[in-house]
1. If you go through the stretch 59-102, how many residues are in contact with a helix residue (DSSP H, G or I) (Cβ under 6 Å, 6 or more places away or on another chain), over 26 Å from Ala139 (Cα atoms) and of a type in the set (Ser, Thr, Tyr)?
2. Among the listed residues Ile31, Ile53, Ile22, Ile38, which satisfies the condition of being within 27 Å of Ser101 (Cα to Cα) and hydrophobic (A, V, I, L, M, F, W, C)?
3. Would you call Arg62 of a type in the set (D, E, K, R) and within 22 Å of the chain's Cα centre (by Cα)?
Amino acid sequence: MADDLKDQRVVTMMSPAELRAIDDWMFDNRIRSRGEAIRRLCQIGVAANERLIEMQEGAIKRSRHLSETMNELTTALREKPEAQDIRRALLLMHKRFVNSSASELEALAELNAIMATLALGRDVDKALERSRQLKAEIAALRKEGKGINDLDALLRSHIDQSERESAADDGDDEPGK
């Protein structure tokens, strides 16, 4: 794709806020033209879209695996009074890992919400609103001390909701509804 001749013109309308976001990204990444910035952002979007679900599933799988391993270790050490310091260290490490995993999953879920909303033809404001809603729900889960499985269920419900909206929109004749 990078070596392809760039001779195809695409004309599109954008809001002032969208152009500001592109120009800011262009400046931050030292890109010389708006066209090149838009091209790169499109490439980033396509690449991210292709890997997003795989990344989420990988993060969930890693979290579950480590959580199971930590539970096995703490259970084994529970029976050994001389290993209480090790057990406390493992519990602290487990808590830190769960928080780190939740942050990783939260970032992936936010990206998923934005991309799914934009893929449905919604505008950026709608995508950001959906992202804020998901963040609030994740924060509530964390506050309640819920684990990775609950976070996984929340993410899957948001993905399912996006798919239902997409299927419902397929019947509409008006794009961007």
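1. So the count comes out to 1.
2. Details: Ile31 fails: within 27 Å of Ser101 (Cα to Cα); Ile22 fails: within 27 Å of Ser101 (Cα to Cα); Ile38 fails: within 27 Å of Ser101 (Cα to Cα).
The conditions single out Ile53.
3. yes
Quick note: the coordinates plus some simple rules give every number you see, no bench work behind them. None of these values were measured; they are calculated from a predicted model. Cβ: placed from backbone, ideal geometry, glycine included. Neighbour counts: every protein chain shown.
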